[in-house]
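Take a look at the structure below.
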Amino acid sequence: MKLLKKMLFCLLLVLGCAAIANAEDIIYLKDGSVVHGTIIKRFPETGSIKVRKDNGKEVVYKKKQVSKVEHSGSEVSSHSSAVAEKPKKHEHHHAEVLGTAANGVNNIGRPGYFFSDTAFVPNKGQIMGSAGIAFYSVGSQLIVPVGGAYGITDQIQVHVSTNFYTFSGVSGLGNITFGGKYKFNIDKENLYVAAGLDLSDGPLTGSGFTSFNIDPYGIVTYNFADGLELNGQLGIFIPTTGTKIGAFTYTPPSYLQLNAGASYPLGDKLTGIAELDINGQGSGATPLIVGIRTGRDVQLQAFGGLDLAGTVGVLVGGNIALVSE
């Protein structure tokens with residue numbers, strides 16, 4: 001009987017060690033990335049955690065970097081001392097979690113800053129949308145953009161957008177844009193690369209001319225350990241058709257688009273963003289702006305600065321964005 005008890009004890013010990021060995025922590029970061037490994041040390045005074053990743057590398061993540069942590073199918077939130085509390089059961093599992101920084105939603109419903117896109121895409125099956133307003137002092141131009149994006153997979157999104165505008169007494173609907181974006185698998189931590197293609201037609205009403213346009217672009221986004229994020233987008237806007245006006249056909253000129261920006265978390269629910277968009281979004285505008293973003297499932301954002309295209313003028317605006325689970 002004693003031998004049997006010893007054998008049973010050894011068996012339970014082996015099974016327990018195997019369960020511990022197979023246990024895995026899944027750390028969801030606010031930049032949208034997911035880390036698989038094991039939490040080997042906790043820092044209660046700061047809320048940071050030290051993780052040994054599956055490849056053996058050990059990395060320390062600060063509390064403000066972590067969105068949530070899952071362990072063996074359970075989940076805890078970083079906003080309630082995630083690394084120190086007992087995990088709570090949760091029914092859902094997400095491949096990525098949109099945070100409040102660059103992987104928030106821009107003013108035409110895509111992952112991005114205010115005007116530019118970032119290299120992030122929605123999760124598979126996730127929907128996001130946005131409606132906003134922007135006022136340019138030159139010509140008293142008012143633009144009301146609306147749009148949305150959908151994640152076909154965790155790497156591919158499709159999107160659509162348009163806007164209502166009024167400029168120098170003329171009002172109408174601007175371009176309607178359809179497109180998609182692909183996020184590449186890059187074997188370098190904190191670096192994200194994507195490529196996109198937009199097809200647009202318009203302005204739909206009010207301008208007296210219309211053009212079908214092609215807009216290919218590439219995006220690079222990089223996150224630093226302290227939460228600072230840098231973003232760059234390069235594309236070319238190519239009108240392919242023109243409108244016959246009198247005796248000639250007017251075709252808008254092609255031009256490069258160069259967008260650059262940075263974001264930094266000012267708190268758990270607040271992010272500061274600075275952005276320069278040269279000929280941003282096919283509008284011909286060049287906004288140099290700063291602003292703030294708050295929220296997660298419902299995001300509110302506001303910005304202000306200058307439009308540097310042609311005559312320099314003041315540009316202010318904001319938008320509200322919704323993100324599904």
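The values are calculated or read from the model by the stated rules, or taken from the named source; none is laboratory data. Because the structure is predicted, anything quoted here is derived from the model rather than measured. Backbone-built Cβ (ideal geometry, glycine too); neighbour counts: all protein chains shown. Protein only, heavy atoms only, side chains kept; ligands, DNA and RNA dropped before computing areas. Shrake-Rupley method; radii C 1.70, N 1.55, O 1.52, S 1.80 Å.
Might you let me know whether the stretch 317-324 holds any residue that is open to solvent by 70 Å² or more (accessible area, probe 1.4 Å) and out of contact with any Lys or Arg (no Cβ under 6 Å at 6 or more places or on another chain)?
Within the stretch 317-324, one or more residues are open to solvent by 70 Å² or more (accessible area, probe 1.4 Å) and out of contact with any Lys or Arg (no Cβ under 6 Å at 6 or more places or on another chain).
Scan the strands (runs of 3 or more DSSP E) fully inside the stretch 127-220 and keep the ones with 3 or more residues being buried (at least 16 other Cβ atoms within 10 Å of the Cβ).
Here the list reads 127-136, 141-151, 156-167, 176-183, 191-202.
Can you name the residue in the stretch 305-316 that is assigned to a strand (DSSP E or B) and either of a type in the set (D, E, K, R) or open to solvent by 20 Å² or more (accessible area, probe 1.4 Å) (or both) and is also nearest to Phe237 (Cα to Cα) among such residues?
Out of the qualifying residues, it is Asp307.
Examine the stretch 229-239 for a residue that is farther than 26 Å from Phe184 by Cβ and either open to solvent by less than 60 Å² (accessible area, probe 1.4 Å) or not in a loop (DSSP other than H, G, I, E, B) (or both), and state whether such a residue exists.
yes
Looking at the stretch 104-126, which of its residues are assigned to a loop (DSSP other than H, G, I, E, B), under 12 Å from Thr221 (Cβ atoms) and within 8 Å of the chain's Cα centre (by Cα)?
The answer is Tyr113, Thr118, Ala119, Phe120, Val121.
Have a look at Ile289, Ile278 and point out the one that is touching a residue at least 40 places away in the same chain (Cβ under 8 Å), surrounded by 14 or more Cβ atoms within 10 Å (Cβ to Cβ) and among the β-branched types (Val, Ile, Thr).
Going through Ile289, Ile278 in turn, the sole match is Ile289.
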